[in-house]
1. Is it the case that the stretch 250-261 has a residue that's within 18 Å of GLY180 (Cα to Cα) and of a type in the set (A, V, I, L, M)?
2. If ALA159 meets every condition in (1) without any contact (Cβ under 8 Å) to a residue 24 or more places away in the chain; (2) surrounded by 20 or more Cβ atoms within 10 Å (Cβ to Cβ); (3) within 21 Å of LYS264 (Cα to Cα) apart from one, which number is that one?
3. Take the residues in the stretch 315-330 that are more than 12 Å from VAL257 (Cβ to Cβ) and not in a helix (DSSP H, G or I), then tell me which one is nearest to the ligand (Cβ to nearest atom).
4. Scan the stretch 291-305 and give yes if some residue there is touching a Gly at 6+ places or on another chain (Cβ under 9 Å), in a helix (DSSP H, G or I) and either within 16 Å of the ligand (Cβ to nearest atom) or not assigned by TED's automatic domain parsing to the domain that holds THR179 (or both), otherwise no.
5. Do you know which of the residues in the stretch 246-285 that are among the hydroxyl-bearing types (Ser, Thr, Tyr) and either part of a helix (DSSP H, G or I) or more than 14 Å from the ligand (Cβ to nearest atom) (or both) is farthest from the chain's Cα centre (by Cα)?
6. So VAL234 passes all but one of these: (1) away from the ligand (no atom under 16 Å from the Cβ); (2) more than 13 Å from VAL328 (Cβ to Cβ). Which condition number does it fail?
7. Of the residues ARG209, ARG214, only one is touching a helix residue (DSSP H, G or I) at 6+ places or on another chain (Cβ under 9 Å) and either closer than 22 Å to VAL142 by Cα or in contact (Cβ under 8 Å) with a residue 12 or more places away in the chain (or both); which?
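The values are calculated or read from the model by the stated rules, or taken from the named source; none is laboratory data. Quantities reported herein were computed from a predicted structural model and do not represent experimental measurements. Glycine also receives a Cβ, built like all others from the backbone with ideal geometry; neighbour counts cover every protein chain displayed.
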Amino acid sequence: MTTHADTANVTRGVCEAVPCPGSDIRMPKPPVTHSSQHRQLSPARELQTSRGTLPSPSENSFAPSGLDEARRLGLVEDLGETSATGRLPWVIAAGVAVILLPALLVLICPLRWFPGVGDCAVSVNDRAVELDTAEAETAASVAARSVRLKRRLPTVVTAIARAVDISETDARVVATALTGRASHAFTCVHGGGDDEMSEKLGPAGLTARADRARRDLERAFGPQKLGGFAPGGVTSGHMPGSAHYEGRAVDAFFRPVNERNRTKGWAVAQYLVAHADRLAVETVIYDGRIWTARRAGAGWRSYRPDTSRRSAEAAAILEHLDHVHVDVAD
Ligand SMILES: [Zn+2]
C-alpha cells in the first residue's frame, strides 16, 4: 500500500527532478538519509506511485540504471537488507514469546483463566468429558451419596445426568470415574484455596481447613476409617516434613488392599480432587498416584516411593495402596 508519506516523499523528489504540473514551486532538497526506518521503493513501485507526473520509463530516472541517481536525489531511501536482518532476532524473540507465554500461564495458573476450558476433565475408555468447578462438585457429591447408599451404576448415571444437565453418555463417563470404577480418571486444575482459616490445631489435632475436609468427607461418604492425626498433633510415623506433623493431613484407610476397597478408595480420592477448590486441597495420594494443586495440569502423576528393603505391608503404606492421603493448604 502506498502511504501518504511515500507519496509526499516521491512527489517532493519529483518536483525537484522535473517540473510539477501546474506548479513552478521548487521544493528544497531533502537531506539524504540512511535511516533504517525508511523503506526502499522498488522501481515498479516508484513508477506506479508517480504515474502521471513522471516521464515515460524509457526517459525517466527511475529505470534500474538510474537508481543511483534517484538515490542521490533523495527519491530512494535505503531500507537495506541489513536493517531487515537486524530485526530478525526481535521477530524470532517475539514469536517465541507468543508461543511460550500461554504454556507458561498453563503451568503457573489454573486453566480456568482461559475462557471455554473446563476446570475438570474425565477420561474413561477414550471418551472425555469436561466440567466446570460447580459441575464437578455437584457430580462428585451425587456420586459420593450413591456410593454411601450403594446405588447401582445406571442409577448414578441418571442422577448425575439430571444434576449436572449433561447427556447420559457423558454422565456414564463421569459416574464411572467418581464412583471409583475407573482409577485416576478424574482430574481438575484447581485447588489449594487461599481463604483465611486458623492454622491452630483444633481438638482433633487438625487445622481448621483439615478438619473441614475430614468432616466434609464423612458427610459425603458416611463414617470413614481415618488416621494420621491425633489430639495435640502427631510427631512420628510419617515422612520428614509431612503435612501430618502440621495437622494439615488426613488419611482415609481402605484395608485390606483388594479391588472392592480400591474402588472405594478411588471414589474418595477423586471426590477430593473435584472439591479441591472448595476444600483448599493441595495433595491427594492414592494407589501409586499423586495429584497436587501445584501441578494440577499434569493430572494424576505416578507416585513410586523407594520401597526397597521394606516389608510388603510397609511398601503398601508407602505407596498409599491402602489409604488415601489428603492434605490442605496451610
Ligand atoms: Zn498421609
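1. There is at least one residue in the stretch 250-261 that is within 18 Å of GLY180 (Cα to Cα) and of a type in the set (A, V, I, L, M).
2. Result: ALA159 fails condition (2) only.
3. Top of the filtered list is HIS325.
4. Checking the stretch 291-305: not a single residue is touching a Gly at 6+ places or on another chain (Cβ under 9 Å), in a helix (DSSP H, G or I) and either within 16 Å of the ligand (Cβ to nearest atom) or not assigned by TED's automatic domain parsing to the domain that holds THR179 (or both).
5. Looking at residues that are among the hydroxyl-bearing types (Ser, Thr, Tyr) and either part of a helix (DSSP H, G or I) or more than 14 Å from the ligand (Cβ to nearest atom) (or both), I get THR263.
6. (1)
7. Only one candidate qualifies: ARG209.
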